[in-house]
Amino acid sequence: MPKNAIVNSIDNRIGLEIANALSKNHVSVYALTYRKSEYSDSLNVIKSSHDSIEYNIKDIINDISKRGSNSNNSNVDILVNTPLYACVSMLEDTSMDEFISQFNANLFTAIRIIKTVLPTMKNNRKGLIVNIGSLAGIVGFPGISAYASSMFALEGLSECLRYELMPYGIYTVIVEPGAVKSDASLVRIGSNYADNTALSNIYKGIMHLIEHGLNVEDVVSTVLRIIESSKPGLRYIVGEHAYMMLDARKRMSEAEFEELIRRDVGL
């Protein structure tokens, strides 16, 4: 098991449980949070903001280097990025500020962190970057255009990084679960929700999927399996619903699949 990990962020229940699982396996975990919350003493919790993230990561790298100066333990072995929230809003009702905020939370902050840890990973010629994406990064759904766009972008970023970094012994992995029960805490409703019947139906459909979704442990166990692998793959789909949707897209005509999506989210 690797020695040092950065988890961005434990404000997402998936991130918190990954951090706890790694800590139980004697990994030194640096856990980022963007909120004022109380967390386990076993985690090195760093309160950050999107604007100061590079400075926080550099401080973490310096701390790892100091602690590992007398041992073979001075590398950032693992970086895990998780989405921070999902905006539920029709595109025309979503302001550009809301769109930019969604991309800052789910994509640009992850990019800033990756760019900051890459020099030390490349210098050590090893490392693992695990980006937690979503089924919504493979299949578009109505009412979450900002969130799905950020997840599609994370999917593309991960695939590009996979090829760029493999020559340095660094593996990039994208994990794409279907709806997870803990996702309920990540949903943010758009400001025009009360005036939009279609969006109201979509929200109810999304919450139904989440209520009957995966347990967070299903995602955590997948991540642990990736970490323990000497040569992890690029893409890991998690959950029966995600597999069903991807299989349906292969088998169905476009019209049939569109109707399935509409039914799935309550349109």
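Computed from the coordinates by the stated procedures, all read-outs in this text should not be read as laboratory data. Owing to the predicted nature of the structure, the values given are computational and were not obtained by experimental measurement. No Cβ is skipped: glycine too gets one built from the backbone with ideal geometry, and neighbour counts run over all protein chains shown.
So which residues in the range 232-257 are assigned to a helix (DSSP H, G or I) and either of a type in the set (Asp, Glu) or farther than 17 Å from Glu176 by Cα (or both), if there are any at all?
Scanning the range 232-257 gives Glu240, Asp247, Lys250, Arg251, Glu254, Ala255, Glu256, Phe257.
Give me the residue from the range 138-179 that is in a strand (DSSP E or B) and within 12 Å of the chain's Cα centre (by Cα) and, out of that set, surrounded by the fewest Cβ atoms within 10 Å (Cβ to Cβ).
Val175
What number of residues within the range 82-140 satisfy the criterion of being touching a Cys at 6+ places or on another chain (Cβ under 9 Å) and closer than 26 Å to Arg249 by Cα?
0
Across the range 180-189, which residue is surrounded by the fewest Cβ atoms within 10 Å (Cβ to Cβ) among those that are under 17 Å from Val238 (Cβ atoms) and touching a strand residue (DSSP E or B) at 6+ places or on another chain (Cβ under 8 Å)?
Only one residue fits best here, namely Lys181.
Can you tell me how many residues within the range 210-248 are surrounded by fewer than 17 Cβ atoms within 10 Å (Cβ to Cβ) and among the aromatic types (Phe, Trp, Tyr)?
Qualifying residue count for the region: 1.
Does the range 211-229 contain any residue that is of a type outside the set (Ser, Thr, Tyr), within 30 Å of Ala19 (Cβ to Cβ), without any contact (Cβ under 8 Å) to a residue 40 or more places away in the chain and assigned to a strand (DSSP E or B)?
Within the range 211-229, one or more residues are of a type outside the set (Ser, Thr, Tyr), within 30 Å of Ala19 (Cβ to Cβ), without any contact (Cβ under 8 Å) to a residue 40 or more places away in the chain and assigned to a strand (DSSP E or B).
Tally up the residues in the range 214-267 that are β-branched (Val, Ile, Thr) and under 20 Å from Val88 (Cα atoms), please.
Count: 2.
Considering only residues that are under 22 Å from Lys58 (Cα atoms), of a type in the set (A, V, I, L, M, F, W, C) and not in a strand (DSSP E or B), which ones fall in the range 117-137?
Residues satisfying the conditions are Val117, Leu118, Met121.
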